[in-house]
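Notes follow the structure.
The values are calculated or read from the model by the stated rules, or taken from the named source; none is laboratory data. Keep in mind that this is a model prediction, so the values were computed, not measured. Don't worry about glycine lacking a Cβ; one is built from the backbone with ideal geometry, like all the others, and counts go over all protein chains shown.
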Amino acid sequence: MKSYIVGNWKLNFNVGEASIYLHKLQKKIPNYRDVEVVVAPTALCLQPLSLQLDRTKIKLAAQNAFYNDFGAYTGEISFAELNGLVNYCIIGHSERRYIFHEDDKMIAKKVAACIRNKITPILCIGEIESERAFGETKDVIHDQLVGGLSEVSAEDIDKVIVAYEPVWAISSTKDAKPATPDEIAEVVEMIRQNLKEIYGAKTADAVPVLFGGSVKPTNAGAYLTVPGISGLLIGGASLILEQFTDIIETAKRVSK
Ligand code: PGA
């Protein structure tokens, strides 16, 4: 299975900065066929970056969109508009859940809208620190996964990527603490078990599961070799070209 290295730029880099970064990144990395390199800039950057994108090396992801394709929804952009522009979209990131109050129902509609518009959703799930402390991780993972996938049929589940991002490990969380490979392995097992129960064993194994939360060049190798992990979703370190390319090269080495 190929591995995925996804840079979530969040609300960073204006069009000029994003364009310069992409130019340098494309110069720095070859076409690693077994590593899918993806960057998720702000919505405003997608169109200009698509014009300079070397699609043999890098793919674009959106960070969010609205679930209806068109209509009276002031201020929104739709997955229908993103169709053809991006290959992926991050859905249900914890910042969308907790700052913008997205619930599993809304997230499920967004996942369905992605698939309808030929965009691969990267469905983010993960518990907050207090949920882990109270032994609720298993339930939270189950509910967010089942909730987010509630509109995805068995025929379409191979068009979905899941990302496990424990909120307590995300670098912008107060007192963030990097997860250990064992902690990640335990939750990946829960995710695969849930997928198995809904879609059957064969399909469950085919769904890529990424990890995200304080990923750095120093821990990327350990995270990429956690059983069941197919890649990384990277925030802070993806904004630093040297760190992001270092992680991409680690993924290449590990995938050999
Ligand atoms: P981080 O962010 O790598 O800065 O922890 C990850 C994410 O929020 O997707």
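None of Leu22, Leu85 is surrounded by fewer than 18 Cβ atoms within 10 Å (Cβ to Cβ), aliphatic (A, V, I, L, M) and modelled with pLDDT of 95 or more except Leu85. Within the stretch 149-178, the set of residues being in contact (Cβ under 8 Å) with a residue 40 or more places away in the chain, aliphatic (A, V, I, L, M) and near the ligand (Cβ under 10 Å from one of its atoms) comprises Ala163, Val167, Ala169, Ile170.
So which of Ser78, Ser50 is of a type in the set (Ser, Thr, Tyr), surrounded by fewer than 22 Cβ atoms within 10 Å (Cβ to Cβ) and touching a Phe, Trp or Tyr at 6+ places or on another chain (Cβ under 7 Å)? Result: Ser78 is the single residue among Ser78, Ser50 that is of a type in the set (Ser, Thr, Tyr), surrounded by fewer than 22 Cβ atoms within 10 Å (Cβ to Cβ) and touching a Phe, Trp or Tyr at 6+ places or on another chain (Cβ under 7 Å). Listed by first and then second residue, the pairs linking a residue in the stretch 94-111 that is within 13 Å of Leu149 (Cα to Cα) to a residue that is of a type in the set (A, V, I, L, M) and within 14 Å of the ligand (Cβ to nearest atom), with Cβ atoms under 7 Å apart and 6 or more places separating them unless they lie on different chains, are Ile107/Ile91; Lys110/Ile91; Val111/Ile91; Val111/Leu123.
In the set Glu76, Glu102, Glu81, only one residue is closer than 16 Å to Ala163 by Cβ and not small (Gly, Ala, Ser); that residue is Glu102. Checked against (1) closer than 30 Å to Gly221 by Cβ; (2) over 19 Å from the mean Cα position of the chain (by Cα), Gly75 meets all criteria but (1).
Note on the stretch 193-225: residues that are modelled with pLDDT of 95 or more, at negative phi and under 17 Å from the mean Cα position of the chain (by Cα) amount to 11. Within the option set Ser153, Ser171, being surrounded by fewer than 20 Cβ atoms within 10 Å (Cβ to Cβ) and under 25 Å from Ala112 (Cα atoms) holds for one residue only, Ser153.
Yes or no, residue by residue, for (1) at positive phi; (2) out of contact with any Leu (no Cβ under 9 Å at 6 or more places or on another chain); (3) assigned to a strand (DSSP E or B):
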{"site": "Val6", "(1), (2), (3)": "no, no, yes"}
{"site": "Leu11", "(1), (2), (3)": "no, yes, no"}
{"site": "Tyr21", "(1), (2), (3)": "no, no, no"}
{"site": "Gln26", "(1), (2), (3)": "no, no, no"}
{"site": "Pro30", "(1), (2), (3)": "no, yes, no"}
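Taking Lys196, is it in contact with a Ser or Thr (Cβ under 9 Å, 6 or more places away or on another chain), over 13 Å from Ala163 (Cα atoms) and surrounded by fewer than 19 Cβ atoms within 10 Å (Cβ to Cβ)? Answer is yes for this residue.
In the stretch 134-145 there is at least one residue matching the filter, namely being crowded, with 19+ Cβ neighbours inside 10 Å, over 19 Å from the mean Cα position of the chain (by Cα) and farther than 21 Å from Tyr4 by Cα.
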